[in-house]
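These notes are about the structure you will find just below.
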């Protein structure tokens, strides 16, 4: 099922792309059922912290009326940043599956957070090395730079 | 002015204590003026991510209509956890002043995040080693354990 849940997260990332948001999608799965699917909404919500993962976690906690998501897995198209990785630990997820590494902001890439014995929760994780997610991000930022170049040359 | 801004954060932590919330307060200061003061509201908002810092940052970004808080300082009674430290980096704060270290969850205590050269923002920081903030937290958790003990013995 991993592939189809991840495909849903990718679909969410594409929605974000089409809405001029950094294309990141997240899906939370509980008992093999999709509980939440959403995407980055920083522009739409005019909220610098409205990352896909935080929105998904808040919605899932609300829906289950429990801050502990111990039976849940979270699928994200991009490696969670330090902030979102912290939120994933706080919510006590069972498993994290992400598409492509984030060497600039990723909690695992920068600090090996997922294998830190001092944190009082541990979860399984998989990086799928998704070329589709990576290409979506590359294309988004390329398009942004081109728009900026055009603007500057006018 | 550091002391009086920190005192305001402590006052917020006390409000949290009185409302049965983990006593953490946060104040955001911009041009020597208090822009936001708030406290942890996890219970009140039934939101596991409603930490004082995230709430304060969202309110400040909203108030300034800008996700960049480059001219702002944030005062927090407890060292920000990994999640909140990530949010502090995202918001591009100028300075972080915190009361007491958090060896279990603190972004600096666990990962030296504040001196990590790979993160694309850097900010000044001070730990005030506030005994008042530390005592407030100790007293809160002691009281919680006593209540739990009483409950279990009934």
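Bear in mind these aren't lab numbers, they're just calculated from the coordinates by the rules spelled out. From a predicted model like this one, the values you see are computed outputs, not experimental measurements. Virtual Cβ from ideal backbone geometry, glycine too; neighbours counted across all protein chains shown.
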Worksheet item: If you take the residues in segment A:90-99 that are part of a loop (DSSP other than H, G, I, E, B) and either out of contact with any strand residue (DSSP E or B) (no Cβ under 7 Å at 6 or more places or on another chain) or without any contact (Cβ under 8 Å) to a residue 24 or more places away in the chain (or both), which one is nearest to residue B:91 (Cα to Cα)?
Response: A:91
Worksheet item: So is residue A:37 in contact with a helix residue (DSSP H, G or I) (Cβ under 7 Å, 6 or more places away or on another chain) and either more than 23 Å from residue B:53 (Cα to Cα) or not in a helix (DSSP H, G or I) (or both) or not?
Response: yes
Item to complete: Could you figure out which of (1) within 14 Å of another protein chain (Cβ to nearest Cβ); (2) assigned to a helix (DSSP H, G or I); (3) more than 13 Å from the chain's Cα centre (by Cα) isn't true of residue B:86?
Response: (3)
Worksheet item: Checking residue A:69 against (1) assigned to a loop (DSSP other than H, G, I, E, B); (2) out of contact with any helix residue (DSSP H, G or I) (no Cβ under 7 Å at 6 or more places or on another chain); (3) surrounded by 21 or more Cβ atoms within 10 Å (Cβ to Cβ), which test does it fail?
Response: (2)
Item to complete: Kindly provide the set of residues from segment B:100-120 that are more than 10 Å from chain A (Cβ to nearest Cβ), touching a residue at least 24 places away in the same chain (Cβ under 8 Å) and part of a helix (DSSP H, G or I), ordered by number.
Response: B:108, B:114
Worksheet item: In the set A:16, A:60, A:26, A:56, which member is in contact with a strand residue (DSSP E or B) (Cβ under 7 Å, 6 or more places away or on another chain), outside any loop (DSSP other than H, G, I, E, B) and over 23 Å from residue A:129 (Cα atoms)?
Response: A:60
Practice prompt. For residues that are facing chain B (nearest Cβ under 7 Å) and under 15 Å from the mean Cα position of the chain (by Cα), scanning just segment A:55-66, find the one that is surrounded by the fewest Cβ atoms within 10 Å (Cβ to Cβ).
Written response: A:58
Item to complete: Of the conditions (1) surrounded by 20 or more Cβ atoms within 10 Å (Cβ to Cβ); (2) more than 14 Å from every other protein chain (Cβ to nearest Cβ); (3) under 29 Å from residue B:44 (Cβ atoms), residue A:52 clears all except one; give me its number.
Response: (2)
Worksheet item: Of the residues that sit in segment B:72-89 and are over 24 Å from residue A:121 (Cα atoms) and free of Cβ contacts under 8 Å to residues at least 60 places away in the same chain, which one is surrounded by the fewest Cβ atoms within 10 Å (Cβ to Cβ)?
Response: B:72
Response to the item:
Among (1) in a loop (DSSP other than H, G, I, E, B); (2) within 12 Å of another protein chain (Cβ to nearest Cβ), residue A:21 falls short only on (2)
Worksheet item: For segment B:36-47, which residues satisfy the criterion of being within 11 Å of another protein chain (Cβ to nearest Cβ) and surrounded by 21 or more Cβ atoms within 10 Å (Cβ to Cβ)?
Response: none
